[in-house]
Amino acid sequence: MTDETHTHAQHEHAPHEHAQNEHAQHERAHNETEQVKDDITAAEVTGQEARARLKELVEEIDIAALTTRDARGNLVSRPMSTREVDEAGDIWFFTLDDSKKVDETERHHEVGLAYLDTSGHRYVSVAGRADVVHDRARMERLYSPSLDIWFEDGLETDGLALLRVTPVSSEYWEPRQGKLATAAGMLKALVTHETPDDTMIHGRV
């Protein structure tokens, strides 16, 4: 075979090899995309598992920002210490009958709760309905001396009441592999300009 014939044969095979390479690259890209989708889907948690984890997160983080609507319709938030998430999923707090939050929840029962653990990258959002409850037995069970800072006479504080929030919908986010791995994933996202969705677990109830 002459050099000219050999060169001609190479040119004939080149388009075919190029097409094969493009197809292989396309397959790799498709598989990688599907893997990312699977990773993100795997991070979604629902049902009883999400409900149980939500209870744990709320009780561990403890302090929530309770958002109500005032007489003018403005949103107002304040910190509240969580006393319990019961078996039905209701979230309980202590309050006073003559407080603004009680007045606001009686006007507009719809409220929001936000729990933030910034050091652990754990977050909870709850939309629900608030009601004031006077249940002495539950108060005795849920009250602790640490609350004396806000209620000087303890359980005998005049107007002491419970605020129950019944969730309508809830969501939470937490690291998939611990704080260090999450921080590394977020740093990588800053460099690559990609959203680090697959570093977090997202639960819905």
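Values in this text are rule-based calculations from the coordinates and carry no lab data. The structure presented is a predicted model; accordingly, all values stated were derived computationally and were not measured. Using ideal geometry, Cβ is built from the backbone for each residue, glycine included, and neighbour counts are taken over all protein chains shown.
Observations, loosely collected:
- Under Karplus coefficients 6.51, -1.76 and 1.60, residue-wise ³J(HN,Hα) of the range 89-105 in Hz, glycine/proline x: x, 5, 10, 10, 9, 9, 7, 10, 4, 9, 7, 5, 4, 5, 4, 5, 6
- Protection proxy ranking for 109-115, 157-163, using the average of other Cβ atoms within 10 Å per residue and placing the highest first: 109-115, 157-163.
- For the range 43-49, 3J(HN,Hα) computed residue by residue from phi via the Karplus equation (6.51, -1.76, 1.60; θ = phi - 60°) reads 7, 7, 10, 9, x, 5, 4 Hz, glycine and proline entered as x.
- Estimated FRET transfer efficiency (residue 77, residue 177; beta-carbon r; R0 30 Å; 0.05): 0.45
- Label point distance in nm, residue 97-residue 127, each placed 7 Å from Cα along Cα→Cβ: 3.3 nm
- Net charge of Cβ neighbours under 15 Å - reference residue 79; Lys, Arg +1; Asp, Glu -1: +2
- For the range 49-170, a/c is not less than 1.5, where a ≥ b ≥ c are the root eigenvalues of the C-alpha gyration tensor, and a/b does not top b/c. That puts it in the oblate class.
- Largest first, the extents of the alpha carbon coordinates of the range 137-177 on the three principal axes equal 44, 25, 17 Å.
- Net length available on complete extension from residue 135 to residue 116 is 3.9 nm, with 0.36 nm assigned per residue and the Cα-Cα distance removed.
- Sorting the segments 97-104, 133-140 by their mean number of nearby beta carbons within 10 angstrom, highest to lowest, gives 97-104, 133-140.
- Stretchable slack from residue 153 to residue 108, in nm (0.36 nm times residue separation minus alpha-carbon distance): 13.3 nm
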